[in-house]
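Comments concern the structure below.
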Amino acid sequence: MQLKINNRFSAELPADNNETSVTRQVLNACFSYVTPRIPSNPKLVHATKEVAKMIGIAEEELSSTDFVELFSGKKTLSKSRPYAMAYAGHQFGNWAGQLGDGRAIVLGEIEHNNQNWMLQLKGAGSTPYSRRADGLAVLRSSIREHLCSEAMHYLGVPTTRSLSLISTGDEVLRDMMYDGNADYEKGAVVCRVAPTFIRFGNFELFSAQNDLENLKKLADFTIKYYYPEITTDGVEKYIQFFHKVANKTREMIVHWQRVGFVHGVMNTDNMSILGLTIDYGPYGWLEDYNPNWTPNTTDREHKRYRFGNQPDVAQWNLFQLANALYPLIEEASELEKILNDFKTLYNVDYVDMMKSKLGLEKFHKNDEKLISELENVLQLSETDITIFFRELSKIKKGINSNEGILIITDAFYFPNKTTSIIRENWNNWFTKYLERINFEDNSDKVRKEKMDKVNPKYVLRNYMAQMAIDAANNEDYSLINELHELLKNPYQEQPNSDKWYAKRPNWAREKIGCSMLSCSS
């Protein structure tokens, strides 16, 4: 397996002088060299051939011993030294200080087809940033990350990718619900792939340490390789950089809202400088439309990272990034304008996105009101949001509101419990919606085709991931393979897979791993 090494990050940015993995505060460094933990009996669970091809690995190499040993941490890339990245961050709105890659280790950067890719092992052992943890990961959370990274890619959501999922043969002690009942689980390592894993927190670290020299080095490095279209110098360069990061972040959040994805832990150290979805922890998809839902048990009380709050949190996180970059700019007005514009631009994008989900293209003065009324009526009865929008594309011009309700009835979790008041509200909304689509020029067929391209039929519901986890714990990986293939075509009908186009089953309503999840992984 021949990979072309091109380690830009570790070659051009300062390294930690201390090369041990002892937990400590690290100063004046962007990363620390580390050695991955050698697993006792690594075995390939699943590999993504599309990602392998993207980075220059042939499909036949995926089942080789060389591949398993390299991407489990048993051996390292020749001519490359693994390292953990240093960063800080705000967690749940509070300054947490130095964080860093506590269980993520970069094997190196490789170049293929004139593109650079960073290969990062998650769960490969301790680093100077592991704090009180062991730097390992369990099979449970690794399956969720591996499947979701690829599912999001095929949904058209900006995301990191996942090359491989490998079991280590070792057991890892975890208190899954943080209730004092720790138990051993199977260990695993995921290889994540992205152009870079630089986060908001990388800049926050140097700003907090008042290390302006390295803050500037990191910003210049990031602009040079990831925003080369910025050709200005001085203060204007960093303003443009922040502006582009804000735009990419906004675009990512609009996609999250479009598909009903809830990240669950939008700390600033989990925000990619490229606007990629990064760090799949306690995530989830909305089942019923509930803007106050969060999948994270740690966030159960305050619901900071609830679905409906994701745009505001993104703006808040950008504010922290602006603070970190301020020493390079020393002028608040331009940063403030970008931050203030974020929500205005988001609202415009959100309306456009929702109109596409509803099959609406022409301008109408009442569109925002129609969207707002839909969001309200969706909360009157427990309505599966994925099924609702997919079925809505079957609406035809000329039908009445009762016929419209009948078409989307399969999206109701308890159709027999829809009261007369609820039905009246649905009737009112459908009356307006049917009038609105009559205003459109597109035929029913064209409108359906366009709606089906933005409203997925299949998403990685938590209960689906949990079923794959339960089977994998018994060394049955068939569901991982099945879901991986299913989610490569989330907008296609796939009639042989209709069993996955269904509301969350009742057994999954309160089951651990199917409703809310902890950060334990």
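The values are calculated or read from the model by the stated rules, or taken from the named source; none is laboratory data. Please read these numbers as outputs of a predicted model, since none were measured by experiment. Counting neighbours? That spans all protein chains shown, and the Cβs are built from the backbone with ideal geometry, glycine included. For accessibility, only protein heavy atoms count, side chains too; no ligands or nucleic acids. Shrake-Rupley method; radii C 1.70, N 1.55, O 1.52, S 1.80 Å.
Enumerate by residue number the GluC sites (Glu not before Pro) in segment 176-251 meeting two conditions: DSSP loop (anything except H, G, I, E, B), and at most 10 other Cβ atoms within 10 Å of the site's Cβ.
Details: sites: 185, 204, 213, 229, 236, 251; in loops: 229.
Answer in residue order: 229.
Let me spell out the model: positive unit charges on the Cβ of Lys and Arg, negative unit charges on the Cβ of Asp and Glu, origin at the Cα centre of segment 377-468. What dipole size does that give, in debye rounded to 20? Provide the component values of the computation, followed by the final result.
Numbers: 15 positive and 12 negative charges, 40 e Å.
The dipole of segment 377-468 has a size of about 200 debye.
Positive end of the charge dipole of segment 360-420 (Lys, Arg +1 and Asp, Glu -1 on Cβ, about the Cα centre): tell me which of 381, 404, 415 has its Cα farthest that way.
Going by the Cα projections, it comes out as 404.
For residue 199, which sequence-distant residues (separation of 5 or more, or a different chain) have an amide H within less than 5 Å of its own amide H, given hydrogens modelled in the peptide plane?
HN-HN under 5 Å from residue 199: 273.
Could you tally the net charge around residue 348, taking each other residue with its Cβ under 14 Å from the Cβ of residue 348, Lys/Arg +1 and Asp/Glu -1?
Working: positive: 250, 343, 355; negative: 251, 341, 349, 352, 367, 368.
Net charge in that neighbourhood comes out at -3.
Please report, largest first and rounded to whole Å, the three semi-axes of the ellipsoid equivalent to segment 403-521, where each semi-axis is the square root of five times an eigenvalue of the C-alpha gyration tensor.
Details: eigenvalues 227, 86, 25 Å².
In descending order the semi-axes read 34, 21, 11 Å.
Going through segment 1-60, which trypsin sites (Lys or Arg not before Pro) have at most 15 other Cβ atoms within 10 Å and a DSSP loop state? Write out the running numbers ahead of the final one.
Working: sites: 4, 8, 24, 37, 43, 49, 53; in loops: 24, 37.
Listed in order of number, the matching sites are 24.
Which aspartates and glutamates have a Cα lying under 12 Å from the Cα of residue 74, excluding residues fewer than 8 positions away in the same chain?
66
Let a ≥ b ≥ c be the square roots of the eigenvalues of the Cα gyration tensor of segment 204-271; is it rounded (a/c under 1.5), or, if not, prolate (a/b larger than b/c) or oblate?
Numbers: a/c = 3.15, a/b = 1.54, b/c = 2.04.
Cα axes put segment 204-271 in the oblate bin.
Expressed as a fraction of 2.2 N^0.38 Å, the rule-of-thumb size for a compact globular protein of N residues, what is the C-alpha radius of gyration of segment 444-485?
Values: Rg = 15.2 Å, N = 42, 2.2 N^0.38 = 9.1 Å.
That ratio works out to 1.66.
Run through segment 131-207 and list the chymotrypsin sites (Phe, Trp or Tyr not before Pro) located in a DSSP loop whose Cβ has at most 14 other Cβ atoms within 10 Å. If you can, show how the numbers build up before the last one.
Working: sites: 154, 178, 184, 197, 200, 203, 206; in loops: 178, 197.
In loop regions of segment 131-207 (DSSP not H, G, I, E or B), the sparsely surrounded chymotrypsin sites (Phe, Trp or Tyr not before Pro) are 178.
Find out how many positive minus negative residues lie around residue 86, taking Lys and Arg as positive, Asp and Glu as negative, among other residues whose Cβ is under 10 Å from that of residue 86. Each step should come with its number before you reach the end.
Numbers: positive: none; negative: 16, 101.
After counting each charged neighbour, the total is -2.
Based on the Cα atoms of segment 169-316, what semi-axes does the equivalent ellipsoid have, where each is the square root of 5 times one gyration tensor eigenvalue, given in whole Å with the largest first?
On the way: eigenvalues 203, 86, 42 Å².
They are 32, 21, 14 Å, listed from largest to smallest.
Roll a 1.4 angstrom probe over the protein heavy atoms and tell me the percent of accessible area of segment 266-354 that is carbon or sulfur. Present the calculation step by step, with values, prior to reporting the outcome.
Values: 1560 of 3300 Å².
Roughly 47 percent, rounded to a whole number.
Over the Cα atoms, compute the radius of gyration (one decimal) and Dmax (the largest Cα-Cα distance, rounded to a whole number) for the chain, in Å.
Rg and Dmax of the chain, Cα atoms, are 23.6, 72 Å.
From the cross-link list 357/457; 417/511; 396/453; 244/337; 79/186, which pairs have alpha carbons spaced over 20 Å apart? Kindly include the intermediate steps, with their values, before the conclusion.
Values: 357/457 12 Å; 417/511 23 Å; 396/453 18 Å; 244/337 13 Å; 79/186 31 Å.
Over 20 Å apart, Cα to Cα: 417/511; 79/186.
Rolling a 1.4 angstrom probe over the protein heavy atoms, how many square angstrom per residue are accessible across segment 270-407? Each step should come with its number before you reach the end.
Details: 5680 Å² over 138 residues.
Computed with neighbouring chains in place, this is 41 Å² per residue.
Mind grabbing the accessible area of residue 420 for me, 1.4 Å probe, Å², rounded to tens?
Its heavy atoms expose roughly 90 Å² to the probe.
Give me the distance between the Cα centres of segment 39-55 and segment 357-374, rounded to whole Å.
44 Å
How large is ³J(HN,Hα) for each residue in segment 116-133, as worked out from phi by the Karplus curve 6.51 cos²θ - 1.76 cosθ + 1.60 (θ = phi - 60°), to whole Hz, x for Gly and Pro?
Those phi angles translate into 9, 10, 8, 9, 10, 8, 10, x, 9, x, 6, 9, x, 9, 6, 6, 9, 9 Hz.
Mind jotting down the distance between the C-alpha centroids of segment 465-514 and segment 270-301, whole Å?
19 Å
With unit charges on the beta carbons (Lys and Arg positive, Asp and Glu negative) and the dipole taken about the Cα centre of the chain, which residue among 209, 256, 318 sits farthest to the positive side?
After comparing all options, I get 256.
Once label points are set 7 Å from the Cα along Cα→Cβ at both residue 473 and residue 340, what is their separation, rounded to one decimal in nm?
5.3 nm
Projecting each Cα onto the charge dipole of segment 189-246 (Lys/Arg +1, Asp/Glu -1 at the beta carbon, about the Cα centre), which of 232, 246, 189 comes out farthest on the positive side?
Result: 189, furthest along the dipole toward the positive end.
Which three lengths, in whole Å and largest first, does segment 332-476 cover when its Cα atoms are put on their principal axes?
Cα spread of segment 332-476 along its principal axes, largest to smallest: 54, 53, 32 Å.
How much net charge surrounds residue 220 when only other residues with a Cβ under 10 Å from its Cβ are counted (Lys, Arg +1; Asp, Glu -1)?
Details: positive: 216, 217, 224, 237; negative: 12.
My count for the surroundings of residue 220 gives +3.
Rg (Å, one decimal) plus Dmax (Å, integer) for the alpha carbons of segment 1-110?
16.0, 47
Using helices alone, I'd like the mean residue ellipticity at 222 nm for the chain: each DSSP H run of four-plus residues gives -39500 (n - 2.57), total over residue count, nearest 500.
Rounded to the nearest 500, the figure is -12500 deg cm²/dmol.
Please report the equivalent ellipsoid semi-axes of segment 44-176, computed as sqrt(5 x eigenvalue) of the Cα gyration tensor, largest first, in whole Å.
So the equivalent ellipsoid measures 25, 18, 17 Å along its semi-axes.
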